[in-house]
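Written below as structure tokens is the structure these notes are about.
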Amino acid sequence: MKAIVPGSFDPITKGHLDVIERAHKVFDEVLVAVGRNSQKKSSMFDAQERVDLVAGAIDHLPGVEVGLIDGLLVDYARAQGCGVIVKGLRFASDFDYELQMAHINTHVSGIETVFLPAGGPYATISSTMMREIAAYGGDVSEFVTPNVAEAIARKVSQGK
Ligand code: PNS
């Protein structure tokens, strides 16, 4: 079965990659889908930049591709032939939000969501933390892939 791993990915981190790699151990094909979260008002990277950064971060993973959600996640998932949504869970606060999303997505489409516990040394990091550390001059290169570290450094040098 083909799984979709959706997210804002602003930018993709090694925490996201851990979930993507483990989703790929469970499902034959994985589509990483960049979407817009209407609750997140500010972003460092625009949608196409985020897609490009994901593409660079997953290029060592055959069977994993990236796409851009251009409407509802479930419509995009169906159009791309994905039978299941995979989301990583870090803390209880993630669960409250994700449970609500999973219920509505199943209700309107029949597509189920499978939760994977975040794991590994980067289990609790977030894109927000990466943006904040970088904005204050910190080094995030341990937590993101080299293409993402370079892109963040460029944004910071442009004052963004
Ligand atoms: O990384 P995030 O912010 O948790 O990702 C959230 C995302 C982009 C997966 C979610 O907001 C989403 O699915 N957006 C697409 C529009 C949609 O289907 N929204 C759900 C309707 S309530």
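Take ALA47 and decide whether it is in contact (Cβ under 8 Å) with a residue 12 or more places away in the chain, within 12 Å of the ligand (Cβ to nearest atom), within 19 Å of LYS160 (Cβ to Cβ) and of a type in the set (Gly, Ala, Ser).
yes
With VAL84, VAL26, VAL5 as the choices, which residue is at pLDDT 95 or above and under 14 Å from the mean Cα position of the chain (by Cα)?
Checking each option against the conditions leaves just VAL5.
Filter segment 125-160 down to residues that are open to solvent by 80 Å² or more (accessible area, probe 1.4 Å) and in a loop (DSSP other than H, G, I, E, B) and give me whichever is farthest from MET44 (Cα to Cα).
The selected residue is GLU142.
Here is a list: ALA134, ALA151, ALA123, ALA118. Which entry is closer than 19 Å to GLY56 by Cα and in contact with a helix residue (DSSP H, G or I) (Cβ under 8 Å, 6 or more places away or on another chain)?
Among ALA134, ALA151, ALA123, ALA118, only ALA151 is closer than 19 Å to GLY56 by Cα and in contact with a helix residue (DSSP H, G or I) (Cβ under 8 Å, 6 or more places away or on another chain).
What do you reckon, is ILE85 closer than 20 Å to LEU116 by Cβ, in contact with a Phe, Trp or Tyr (Cβ under 8 Å, 6 or more places away or on another chain), touching a residue at least 12 places away in the same chain (Cβ under 8 Å) and surrounded by 17 or more Cβ atoms within 10 Å (Cβ to Cβ)?
no
Return yes or no: is GLY35 without any contact (Cβ under 8 Å) to a residue 60 or more places away in the chain, within 11 Å of the ligand (Cβ to nearest atom) and open to solvent by 50 Å² or more (accessible area, probe 1.4 Å)?
no
Any residue that is within 11 Å of the ligand (Cβ to nearest atom), open to solvent by less than 40 Å² (accessible area, probe 1.4 Å) and within 21 Å of GLU142 (Cβ to Cβ) - is there at least one of those in segment 94-108?
For segment 94-108, residues within 11 Å of the ligand (Cβ to nearest atom), open to solvent by less than 40 Å² (accessible area, probe 1.4 Å) and within 21 Å of GLU142 (Cβ to Cβ): absent.
Whether any residue in segment 51-74 is open to solvent by less than 60 Å² (accessible area, probe 1.4 Å), within 17 Å of VAL114 (Cβ to Cβ) and either part of a helix (DSSP H, G or I) or within 16 Å of the ligand (Cβ to nearest atom) (or both) is what I want to check.
Checking segment 51-74: at least one residue is open to solvent by less than 60 Å² (accessible area, probe 1.4 Å), within 17 Å of VAL114 (Cβ to Cβ) and either part of a helix (DSSP H, G or I) or within 16 Å of the ligand (Cβ to nearest atom) (or both).
How many residues are within 13 Å of the ligand (Cβ to nearest atom), touching a residue at least 60 places away in the same chain (Cβ under 8 Å) and open to solvent by less than 30 Å² (accessible area, probe 1.4 Å) when one looks only at segment 8-32?
Qualifying residue count for the region: 8.
Among the residues of segment 52-102, what is the count of those that are touching a Ser or Thr at 6+ places or on another chain (Cβ under 8 Å) and at positive phi?
0
The values are calculated or read from the model by the stated rules, or taken from the named source; none is laboratory data. Computed from a prediction, not measured in an experiment: that's the story for all the values here. Cβ atoms come from the backbone with ideal geometry, glycine included; neighbour counts cover every protein chain shown. Ligands, DNA and RNA are excluded from the accessible area calculation, which covers all protein heavy atoms including side chains. Shrake-Rupley method; radii C 1.70, N 1.55, O 1.52, S 1.80 Å.
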